[in-house]
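Trainee: The structure under discussion is supplied below as structure tokens; questions concerning it will follow.
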Amino acid sequence: MGRLWYLRILRDEDTGNGDGSGDPPAPPAPQFTQADLDRIVGERLGKTRAEMARLSSEHAAAQEALAARETELGTIREETELKGKSELERLQHQIEKLTQGSRKTEQEWAQKVSAAEKQAASAAEKHVSYLKRSQISTALVGAEVVPAALDDALGSFLATADIDTDEDGKIVRVLVGGKPFASTIDAAKHFLAEKPHFAKAAPGGAGGKRRVGIPGDNGESEAFSPAQLISMGRASRAPG
């Protein structure tokens, strides 16, 4: 019995399952400070940038080598085409080559000029549109439009009026409801007279309200505030 107990102790010590210390404890997880993390990230970013720079350099070198090879092949093809030809034929070939290059250059320049002209025309159109809006907005304010309704009134005016400008973008003639005006302020006053829901209430009105031709229960016209008139105007313009 004593021998079996001794052998059991030896076996437990060998396997680490006895009453001893057993398996060694796992090492503690490494602790990183913010400086350590910044350094690790910086090193990795540096390696990535260096690799990207190397690949970019190799790509540029490969492109240069390819271009040089294409030039060399072009020279070889040209020499092959001219082989056995007379001096006159060689000269004609050179003239044709130069002519083709000149035509290609002319086409490229024509495309650039066309694109520049389109950009200039677009910029000029935007500038004139801005000047129109600015002048009409000023005229509407001078004609006493409701401040909160200025944007709506401006949009309605520009959508319905015919406006002529000079070369500098200054408005010289406005056609509102078929009636011509040389003055933007007169055109704005006429517009607000036709669309009173955009105009401020007349002085002395009841509580800043404007009377419109909508009969009430007593048979007289009801009074509406500018905000109510603006809302009614928007509702009347909304699609069914």
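Trainee: Looking only at the stretch 148-172, which residues are closer than 20 Å to HIS190 by Cβ and over 29 Å from the mean Cα position of the chain (by Cα)?
Mentor: Of everything in the stretch 148-172, those that are closer than 20 Å to HIS190 by Cβ and over 29 Å from the mean Cα position of the chain (by Cα) turn out to be THR160, ALA161, ASP162, ILE163, ASP164, THR165, LYS170, ILE171, VAL172.
Trainee: Just checking, which of GLU70, GLU117, GLU87 is among the acidic types (Asp, Glu), surrounded by fewer than 12 Cβ atoms within 10 Å (Cβ to Cβ), out of contact with any Phe, Trp or Tyr (no Cβ under 8 Å at 6 or more places or on another chain) and within 30 Å of GLU167 (Cβ to Cβ)?
Mentor: Unique residue meeting the criteria: GLU117.
Trainee: β-branched (Val, Ile, Thr) and modelled with pLDDT under 90: is that true of ILE214 in this structure?
Mentor: yes
The values are calculated or read from the model by the stated rules, or taken from the named source; none is laboratory data. Quick caveat, the model's predicted, so the values are computed rather than measured. A quick note on method: Cβ atoms are made from the backbone with ideal geometry, for glycine too, and the neighbour counts reach across all protein chains shown.
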